[in-house]
Structure formats: C-alpha cells, structure tokens
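Just so it is clear, none of the values below were taken in a lab; they were calculated from the coordinates. Please read all numbers here as calculations on a predicted model, not as lab measurements.
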Amino acid sequence: MWDDNYPHKVYNNTKEIIVINMDIIRPFTGLVGILNKEFIILMSNSKIVKDEIKRTEIQIKLIDLKLIIFFKNYQLWNLV
C-alpha cells in the first residue's frame, strides 16, 4: 500500500505492471468525511474506473489461462 504522505519511488524492470488502486474511507468527521465518502462513490461509479476494472478482469483471466497451459505442459513434460 502506498502512503501519499511520503515521497517514494518504485522501480520495475519487468514488461508487465499490475497496480491495484484503492482508497480507504478514513474516519473523518463533518464535511471532510462526507466529501471523502462521496468522492469514493463518484470514482467507483465512473466509466473510466469501470472500464479499467473490465480490462483488469480480462488480463487476470488471460494470466490464469497462461498459467493453466504452462502447468499442463509442465506436467506432460515430466511424464515423458
């Protein structure tokens, strides 16, 4: 989890990057608490976020399929 209170850098030398973005409803009171909750609701219902969720789900299914194929091939290779 990233904490935006502190500057940070991330290095990734792979070709694929998967980032899970989440916002935590903090226990703010008054107007700030209301705004925080409303912002989370607004963002979670936005077309951009919903489209990204669909793309991510497709990517996860593809990764799962690649893993299944890999392990089936691995098992066949070890049987020979």
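Where a Cα-Cα gap under 21 Å defines reach, which lysines qualify for LYS50, not counting those fewer than 8 residues away within the same chain?
Cross-link targets: LYS37, LYS61.
With 15 Å as the cut-off, how large is the P(r) tail for segment 23-75, expressed as percent of Cα-Cα pairs? Please list the in-between numbers first.
On the way: 895 of 1378 pairs.
Above the 15 Å cut-off, segment 23-75 has 65 percent of its Cα pairs.
Rounded to whole Hz and in sequence order, give me ³J(HN,Hα) for segment 48-53 from the Karplus expression 6.51 cos²θ - 1.76 cosθ + 1.60, θ = phi - 60°, writing x for Gly and Pro.
3J(HN,Hα) across segment 48-53, in whole Hz: 4, 5, 5, 4, 5, 4.
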